[in-house]
Every structure is written in C-alpha cells, then in structure tokens.
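Below: one structure, written as structure tokens.
The values are calculated or read from the model by the stated rules, or taken from the named source; none is laboratory data. Predicted model only: the values in this text are computed from it and were never measured. As a convention, Cβ positions derive from the backbone with ideal geometry for all residues, glycine included, and neighbour counts pool all protein chains shown.
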Amino acid sequence: MSDAVARVLASRGVGADGAELFLRPTLKALMPDPRVFAGMEEAVQRAVAAVKAGERIAIFGDYDVDGATSSALLMRFFRAVGADVVTYIPDRRAEGYGPNEPALRKLHEGGVKLVITVDCGITSYAPLEAVRGIGLDVIVVDHHKAEAVLPLAAAVVNPNRLDDTSQQGHLAAVGVAFLVAVAINRALRDGGWYGDKIPEPDLRQWLDLVALGTVCDVVPLHGLNRAFVVQGLNVLARGGNVGLAALSKVARIDTRPSAFHLGFLLGPRVNAGGRVGQADLGTRLLSTEDPDEAAALAMRLDEFNAARKEIEAAVLQEAIEQVETKANPDDAVLIAAGADWHPGVIGIVAGRLKERYDRPAVVIALEAGMSKGSGRSVAGIDLGKAVIAAREAGLLINGGGHAMAAGFTVAEENLEAFSAFLRQAVRAQAGGEPAAPRLALDGAVAVSAVSTRLIEELECVAPFGAGNEEPRFAVVDAEVIKADVVGQGHVRCILSGRGGGRLTAIAFNCVDSDLGHALLTGVGRRLHFAGCIRANTWQGRTTAQLVVDDAAIPAS
C-alpha cells in the first residue's frame, strides 16, 4: 500500500496483521454466532413460536434513523417468512421515547400477541410491568446502556447488558436487530419451516438498512460495524430497496453511495418525519414495496426535512447566544434551554454545539412541568453513563443513552439540580479539566503532493465516520495567493507551495470567525493548514481540494 494509507492505518492503531481485514472487512470473518448474545435463545424461541402459530407480531421502534431501519428490517424479515406483522412508532411529542402502557394495550386489543421493541425498551420498567399478565409478551432488542436490573420481558437482547459477553457493545440497534433476524432465520430453517410455499430469505438484501442505521447512529465504524457498512453500501448501490431509491432521487444522489450520503443526505430525511412531521414515515418508506408509495413518502420527508432545517437554524442561533452569554469557559458540558424550542431538533442542535465548541452539549426543550433534553458528547466522555447516574439519583423522570448521545425527561423543579449533577459528573470523567479542542492529524504533506491520486489511495480506508474519521492532513508552508468569500459565508483560497503546485482550499461557514479573518487578510502570507483532502468535480473535471478545519502561522 502507499505510504499515505500506511500512515492513516497506523494512526488508527491498525497493525500489519490487521490491515487486510480492515481494508476488506467481511461478514464471514467478523460476524459472531448470534447465540453468544445474552437473551438470544429466549428471544428466538418466542419469536419462532409466534411465527409458527400465526400470532400477530408488532415491531415497536424508535422514531430516529436507527429505530426506523431496525423496524423496517424486522418488518421485511417477518413478512418474508410468512408472519403476521405490523409496526408501531410512537409520536415524539404526544408519547415520548420508547414503549408506553397505552400503546402496548392498544396493540394487544388489536390482536398482537408479541411485541418486539427495537432501539428502545431497556429502561422501560413501568410500561412492561404494567402489561405483564394481559397475554402480551415483549422481546426487548436494544443497544443502549443497561442497568443491573432488566425490564420484565420474555427476552432482552442487548450487547450492553451487564451480563453479556458478546463484546459487540459497539453495535447500533439495527446491527443487533440483524443478528436477531439471523438467529430466528437459522431456527426456522432447522425447524423445516422453509419450502416451496415460503422460501428462505437472503438476509444480505437488507444490509443497506443496516448500513444506514449504523452510520446515522454514529457508532464506531470498526469491526462488525465496518463490515455492515461496506457490504451495505454495495447493496444500496444496486437500488433494491424502492424506498431508499426514491429517497436517493429526491436527495439528488447521482454517484455511487458512500457513508457521507447515508449520514448527511439520506439519514436526515428519514429522521425528519420523527422530528417535525409524522413519526412513522421513515419506517413506512424503508419497508414499502410500492414504488408510487415510496415516491410520495420520499417527497413528504424531503419537505419535512426542509422545515426541520428552518426550525433547527432558529433554535441553534438562540442556543449559541445563550451559551456565549451565560456559559462558563471552564464548564465541562454546555447546557442550553429554551421554552419554545421544538423537541424534534434539540438533538441536532446539541450536536452542532458540540462541533462548534468541542465540548459535550445538552439542549433542553422547556415545557410546563416536564422538559425533554438531548445531548451529544465528545471522545472520552460517556454522556449516557452520566445521564443514567442522574436518573438513578432521582433527578430525572427517565433517561438513558450511550457514550456519544443521550436523552432524558426532567421535571421543572429538578432542572437546576440535574444541571449541576451533570456538570460535576462530566468534569469527573474528564479528570477535573475542561475539554481542550484538539485536531488529530494523520500526516503532513506539501501542496504539490495533494492530488486526485492521493484521494484514490485514501478511498480504501473508507467508509469514514465515528471511530474511523476521514483522514486529516497538515498541508505545510503554503502561500495564500488568493482568498474570497463564496456561497453563504464560506472562504475559498488558492494556495501555492514552496516546491511548486497549486491547490484550491475552502473553509466552510467561517467568514465571521478568526479563521475566516486570517484567510481573507492572509494573501501573500505563508500558513500551515489542517483539513481533509477531497475530490471536487466541476463541469466534468475532477481536481483535489482541501477542506480546511484550521490554520496556523508557522514558527519563525
């Protein structure tokens, strides 16, 4: 391999022995036997019994992308094996996150005998206990952090159970759901279920859903997750899922799909229904086989996504103003709250604050008596752990999550105490020190070394995402020979190297920042740049472009 690829792998802790599997991940090499998961045998036995008895099964999912892909995957699987199956996605504002007693009772009244929760349920103690004994069984399939006591259910499959030894705690819920489907499929095959009337499905056809949920839930892209995404992108490129094909069309994706397309074009549109529109639209889109229905749903989600952007921009502006006027520079976690903020966008706004200030951020939509919050974290801070600790301390009505993201509901009278508890818990994880902004670099290159060939070499390290970030390089000692403002606040530069060569660079959304000022006033000056090297295609011509994250003045 090239020197650049070798350096990138080394910076990710990949040694020579692991390079082949990292660059060419396969399910055969990386997927465990599903039976290693705690609770899997019980889940399989109950699900197989439901299929064979013709019982109605309900998939109860979350309203985000991980929940929608998990729900659609199991919907497609159970439909393929001849089961009577429906889905239920709760309304974010009216019902909140996870299973609730009224919804479970309504499903039971509609003939449902088995509910399978996906991407939720691990902390739903009260609702599951309330419906115990009415003739409704529940299987919990989740990946959020579990506590020592599990909810009352027929089975609980979660790699983050304290007694689980699968070592697959990094999976998104859709990855866990796929392994549940694999285990049920194997049991049905061994039990002689398949034949001419019901042929055995090829579960690989649904890896596009697994890839979408995995990328959008921002779980680490290593090990099995990496194989899921690599293989899932291959499936997505074939266009077999009519819902994803329709969504790709409205998102104007006209190239081979990548993790970028999943995370920034398809995912936000699937999410939009649950955030500001109708909660079940994403699941319906991903599970439909009707091209006309898919086209209509994709258009509705695209419209909701546009509305979501407007709402998000307004809340983000208020949150930034609040943080910059009230936050202490030494705060370990940023907390912003607003009375008229839409709860459907607070998670996105928390992510924007986290990116802007490089600190964990929590955003709370204040409502009379009971407020909802969402948080996003940085590497090294387990936000889900802190939120669970606050709930165990009696400061939250409910709450949970994982290392990088968490959600909660807090009573108005406990909001101040919860904020203080969270700040202290995060500061303790950080060793008592405020988070310091960091830029990790994979290497340093001269302007003349940045080329389309280098981009092609780095492509083998993709897909990029959490745990396998896009490679970032220092482009050293480059003279700014031109700089101007383009688009909505972006700064574009032309750079020249000492040893020759020219390079176009762009810094997004920075015109009013210190970086933007330095670039616009830096013509004739030499700077070191940090950023990602990407292909830029314009009028049929592809060139290399540096997307700038930061710049520094060379030491004299």
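Values computed for the structure shown
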quantity	calculated
Test result for GLY223, touching a helix residue (DSSP H, G or I) at 6+ places or on another chain (Cβ under 7 Å), free of Cβ contacts under 8 Å to residues at least 60 places away in the same chain, over 19 Å from LEU297 (Cα atoms) and small (Gly, Ala, Ser)	no
Selection status of LEU366, in the same structural domain as GLN424 (by TED's automatic domain parsing), farther than 19 Å from ASN414 by Cβ and at pLDDT below 95	no
Set LEU128, LEU162: member being over 19 Å from VAL182 (Cβ atoms) and part of a loop (DSSP other than H, G, I, E, B)	LEU162
Scope the stretch 167-190; condition in contact with a helix residue (DSSP H, G or I) (Cβ under 7 Å, 6 or more places away or on another chain) and either of a type in the set (Val, Ile, Thr) or farther than 19 Å from THR117 by Cβ (or both); matching residues	HIS170, VAL174, VAL180, VAL182, ILE184, ASN185, ALA187, LEU188
Qualifying position, being hydrophobic (A, V, I, L, M, F, W, C) and crowded, with 17+ Cβ neighbours inside 10 Å, among ALA19, ALA49, ALA43	ALA43
Residue match in the stretch 268-286 (condition: under 30 Å from GLY380 (Cα atoms) and surrounded by fewer than 18 Cβ atoms within 10 Å (Cβ to Cβ))	no
Selection status of VAL480, assigned to a strand (DSSP E or B) and either of a type in the set (A, V, I, L, M) or in contact with a helix residue (DSSP H, G or I) (Cβ under 6 Å, 6 or more places away or on another chain) (or both)	yes
Looking only at the stretch 353-385, and only at residues there that are touching a residue at least 40 places away in the same chain (Cβ under 8 Å) and among the charged types (D, E, K, R), the one that is surrounded by the fewest Cβ atoms within 10 Å (Cβ to Cβ)	ASP358
When residues of the stretch 202-225 are limited to those that are charged (D, E, K, R) and over 25 Å from ILE348 (Cβ atoms), the one surrounded by the most Cβ atoms within 10 Å (Cβ to Cβ)	ARG204
Options GLY489, GLY540, GLY443, GLY465; residue that is surrounded by fewer than 17 Cβ atoms within 10 Å (Cβ to Cβ), within 33 Å of the chain's Cα centre (by Cα) and either at pLDDT 95 or above or under 30 Å from PRO220 (Cβ atoms) (or both)	GLY443
Whichever residue in the stretch 94-121 is of a type in the set (A, V, I, L, M) and modelled with pLDDT of 95 or more and, among such residues, is surrounded by the most Cβ atoms within 10 Å (Cβ to Cβ)	VAL118
Check on SER496, among the polar types (S, T, N, Q) and at pLDDT 95 or above	yes
Cβ-Cβ under 7 Å pairs, at least 6 apart or on other chains, the stretch 475-497 side in contact (Cβ under 8 Å) with a residue 24 or more places away in the chain, far side among the aromatic types (Phe, Trp, Tyr)	VAL475/PHE529; ALA478/PHE529
Qualifying residues in the stretch 509-537 (those that are without any contact (Cβ under 8 Å) to a residue 40 or more places away in the chain and assigned to a loop (DSSP other than H, G, I, E, B)) - the one surrounded by the most Cβ atoms within 10 Å (Cβ to Cβ)	CYS510
Some residue of the stretch 427-436 being of a type in the set (Asp, Glu) and free of Cβ contacts under 8 Å to residues at least 60 places away in the same chain	yes
Scan of the stretch 274-306 for residues that are under 17 Å from ARG93 (Cα atoms) and either over 21 Å from the mean Cα position of the chain (by Cα) or not in a loop (DSSP other than H, G, I, E, B) (or both), ordered by number	GLY274, ARG275, VAL276, LEU281, GLY282, PHE304
Close pairs (8 angstrom Cβ cut-off, 6 or more residues apart or separate chains): touching a residue at least 24 places away in the same chain (Cβ under 8 Å) and closer than 17 Å to PHE464 by Cβ in the stretch 6-19, of a type in the set (Asp, Glu) and surrounded by 12 or more Cβ atoms within 10 Å (Cβ to Cβ) anywhere	ARG7/ASP442; VAL8/ASP442; SER11/ASP442
Candidates ALA390, ALA350 - the one that is assigned to a helix (DSSP H, G or I), within 25 Å of GLY282 (Cβ to Cβ) and outside the structural domain of ALA146 (by TED's automatic domain parsing)	ALA350
Residue in the stretch 133-151 that is closer than 22 Å to LEU74 by Cβ, assigned by TED's automatic domain parsing to the domain that holds PHE37 and assigned to a helix (DSSP H, G or I) present	no
Residue under evaluation ARG92, criteria (1) within 30 Å of GLY443 (Cα to Cα); (2) among the charged types (D, E, K, R); (3) not in a helix (DSSP H, G or I), criterion not met	(1)
Qualifying positions in the stretch 359-398 - more than 22 Å from ASP217 (Cβ to Cβ) and of a type in the set (Val, Ile, Thr)	ILE397
Sole residue being of a type in the set (S, T, N, Q), touching a residue at least 12 places away in the same chain (Cβ under 8 Å) and part of a loop (DSSP other than H, G, I, E, B), chosen from THR117, THR123	THR123
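So that you can scan it fast, the table gives a plain yes or no per residue for (1) within 21 Å of ALA83 (Cα to Cα); (2) surrounded by fewer than 17 Cβ atoms within 10 Å (Cβ to Cβ); (3) under 14 Å from the mean Cα position of the chain (by Cα):
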| residue | (1), (2), (3) |
| --- | --- |
| ILE184 | yes, no, no |
| GLU200 | yes, yes, no |
| LEU233 | no, no, no |
| ALA245 | no, no, no |
| THR255 | no, yes, no |
